[in-house]
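Data block below; observations after.
Laboratory data are not the source of any read-out in this text; all were calculated from the coordinates shown. Computed from a prediction, not measured in an experiment: that's the story for all the values here. Virtual Cβ from ideal backbone geometry, glycine too; neighbours counted across all protein chains shown.
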């Protein structure tokens, strides 16, 4: 008889209580988690991805195959379940989706070839429907491809496959319906088709190291015709859609810019945004074109968002509506110019639906006005970013016979990881020559330059510096409501020699 030594370790990983059992004389690693952390937009992002997987014609969008890890030469089970879910979500206006979280997840490395995942599932009346096991990943996987085979008697068919690559975020496995409202335990074996890919599979699931947290987030998805979508309020769905919209339309950075902690910046006292906010302050913010950062740092799946509310006067309500229309037209023009993706128009329309804003309605107040206000600030941020891009292109294309003259240049910084965004900000900077003739110089700079040209080389020459700035607006939310803080003199707007 073989006697095994069993060692127990208890620890906290990302605020999740976990237990690891390491069996001596056996290459087994078990990771048990009673609660897997999910971002507050996790389910909403999944539903949106399923909705966008097909076009209005019902055909699969090209990028969806990679996003959902479908293999070109596999059986049609993964394709059929994706098309069925996408069609149902589109038909029911993104409702009709029920989600079941496992009570516990156990991942074990069985042998040199196989990894076993065990899901303890609570009671649910939805098991008689067509369950879909969704395996979601915290972040896009590393580059490269990996073919994985899944086997379980709880799946239909029992054997299914997925092709995981750098763009894969979700894997869909078709489950077997069952009668009875009882707890269930699903055991699914995972095997990389290529033997040398086993370590990669382990990396995908648990980070590859003993004591790592589970990187895969599993859940069961059920498509029902009359779902209530109770999990998400309209405000939460609006905020999630707003984040996806900003991610899709803002200019992308080619390299990772340096990190800028928002808390390190000087700021004016925060201003509460709510029913008691003064009309003058709201009018000033609505008419400001300064870019806005949506922080919402306190928002989490355990700490749901509470809807903000505004009460605008009829005149300011009309102003808000006009500003929205103007900025929407600018976004549509950017779409026409192919500066931003065409499907962004669907996201914009979705945001209008979720805000339920009708400026003709006197009763359009409270949460609807608040969402419309956030949408306006987001659109102003997008149009500001593309206006700056246009100015920078014009500066670079300008004639110059003596090298780069003093002018505005791009300087992008990465912000702290925000739940909404944008995740970066273009602060701009001034660079270039201040040699004669000066660019936008004052009398002091002209005389200083003249003095140096007469041989007084020990004096400081005129420097290319910012002359005017735009502020950066930050909208945050906590348990006391939402607040606006203004970071003055943040974004260089005009340059000159001083």
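Which peptide among 273-279, 404-410, 44-50 comes first, and what is the full order, when sorted by highest mean count of other Cβ atoms within 10 Å? List each step's numbers first, then the result.
Working: 273-279: 14.4, 404-410: 19.4, 44-50: 21.7.
The densest-packed peptide leads the list: 44-50, 404-410, 273-279.
Estimate the FRET efficiency between residue 458 and residue 259 by the formula 1/(1 + (r/R0)^6), using the beta-carbon distance for r and 41 Å for R0, to the nearest 0.05.
The calculated FRET efficiency here is 0.60.
Sort 437-447, 310-320 by packing, meaning the average of other beta carbons within 10 Å per residue, with the highest value first.
On the way: 437-447: 14.9, 310-320: 17.0.
Top to bottom by mean Cβ count within 10 Å: 310-320, 437-447.
Report the gain in length on full extension from residue 444 to residue 112: 0.36 nm times residue separation, minus Cα-Cα distance, nm rounded to one decimal. Write out the running numbers ahead of the final one.
Numbers: separation 332, 0.36 × 332 = 119.52 nm, distance 7.60 nm.
Value of the extension gain: 111.9 nm.
What is the list of residues in the range 476-498 whose amide nitrogen lies under 16 Å from a point 7 angstrom out from the Cα of residue 451, following Cα to Cβ?
498
Just to verify a number: FRET efficiency for residue 349 and residue 393, C-beta to C-beta distance, R0 = 45 Å, to 0.05? Please list the in-between numbers first.
Working: r = 29 Å, r/R0 = 0.65.
Computed FRET efficiency for residue 349 and residue 393 comes out at 0.95.
To the nearest 0.05, how large is the calculated FRET efficiency for residue 337 and residue 480 if R₀ is 25 Å and r is the Cβ-Cβ distance? Present the calculation step by step, with values, prior to reporting the outcome.
Values: r = 42 Å, r/R0 = 1.69.
FRET efficiency, residue 337 to residue 480: 0.05.
When a/c reaches 1.5 or more, the comparison of a/b and b/c decides; with that in mind, is the range 69-195 rounded, prolate or oblate per its Cα gyration tensor?
Values: a/c = 1.75, a/b = 1.19, b/c = 1.47.
The shape class here is oblate.
Compute the Cα gyration tensor for the range 234-497, then decide on rounded, prolate or oblate, letting a ≥ b ≥ c be the square roots of its eigenvalues: rounded whenever a/c is under 1.5, prolate when a/b is larger than b/c in the other cases, and oblate in all that remain. It would help to have the intermediate numbers written out before the result.
Values: a/c = 2.21, a/b = 1.99, b/c = 1.11.
Since a/c reaches 1.5 and a/b is larger than b/c, the shape of the range 234-497 is classed as prolate.
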